[in-house]
Amino acid sequence: MSTRKVQQDLNISGFSPLKSNNQSNTPKSNTKSPSVKDYGIIEAIDTAREKLISGYDKWKIATSNGCQCINIIHNIKEKARKSGDTLYPAELENYSKKLESFIQVFQSVIFQVSTLVTQMRSSINILSTMNDNDELKYQITIVEKFLIELRSLYEKELKVKSYVIENIAHTNSTEDSYLLVTSWSCNSSSNEIYRLITQLKISPNDYKWCT
């Protein structure tokens, strides 16, 4: 797998589920009159937003720590290559196991997004059953599409990271090792996830889910 191939595979078109609403002093977001029921869905969306940000922060930390671990493995392999000793020194195993542990973090973040997708679909079903609040149902549909897009990006980046984890300790050349080190964090999926998540970090009173 090459970095160019990774970038080509993850080259997804732009997606903007959110946009700032600064044209009016009165928020257009999720304010509703007391007579209109939202069945707790608005609160669920705000909670989902916070969970997404928290999950992304965990993803970033695991990516950063994993990058340090990968560089250590790379250096161990380089030292072994230059010395002519075994390419699998004892210390390599410990760092390889530590690197594998980050997979659980990434999978938990993806699982959380999948859970939110299920919650949004359930909310859509509730409103459809009640034949109520078409505007809110439309907004939730946009939220659901955003979550599915985000999950797809996470899954594609995890695929790259999993490949790196499986192969970094078994490289036979400096070139292959550098390629995997670079592929860990330098791909279009990482940049797209960052763009999407940072759009969420605005005041709840200033955002509206929209196409």
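Bear in mind that the values in this text are calculations on the coordinates, not laboratory data. On a predicted model such as this, the values are computed, not experimentally measured, just so you know. Note that each Cβ is placed from the backbone with ideal geometry, even for glycine, and that neighbours are counted across all protein chains shown.
Which length gain, in nm to one decimal place, applies between Ser173 and Ser122 when the Cα-Cα distance is subtracted from 0.36 nm times their residue separation? Show your work: numbers first, answer last.
Working: separation 51, 0.36 × 51 = 18.36 nm, distance 5.08 nm.
Between Ser173 and Ser122, full extension yields an extra 13.3 nm.
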Net lengthening on full extension, Thr182/Tyr138 (0.36 nm per residue, minus Cα-Cα) | 11.8 nm
Which order, highest average first, do 141-153, 175-187 follow once you tally other Cβ atoms within 10 Å for each residue and take the mean per peptide?
-> 141-153, 175-187
Rounded to the nearest 20 Debye, what is the dipole magnitude of the stretch 38-209 about its Cα centre when Lys and Arg each give +1 and Asp and Glu each give -1 at the C-beta?
-> 400 debye
Using θ = phi - 60° and the Karplus relation 6.51 cos²θ - 1.76 cosθ + 1.60, list the HN-Hα couplings for the stretch 66-80 in order, rounded to whole Hz, with x at every Gly or Pro.
-> x, 4, 4, 5, 5, 5, 5, 4, 4, 5, 4, 5, 5, 4, 5
Kirkwood Rh over Cα pairs of the stretch 38-209 into Stokes-Einstein at 10 °C, 1.306 mPa s: D in µm²/s?
-> 88 µm²/s
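Which pairs in the list Lys79/Lys159; Lys60/Lys156; Lys82/Lys161; Lys51/Lys161; Lys79/Lys156 are over 25 Å apart, alpha-carbon to alpha-carbon? Could the numbers behind the result be given before it?
Working: Lys79/Lys159 28 Å; Lys60/Lys156 15 Å; Lys82/Lys161 27 Å; Lys51/Lys161 22 Å; Lys79/Lys156 32 Å.
Among Lys79/Lys159; Lys60/Lys156; Lys82/Lys161; Lys51/Lys161; Lys79/Lys156, the Cα-Cα distance tops 25 Å for Lys79/Lys159; Lys82/Lys161; Lys79/Lys156.
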Positive-end residue of Ser54, Phe106, Ile197, charge dipole of the stretch 38-209 with Cβ unit charges = Phe106
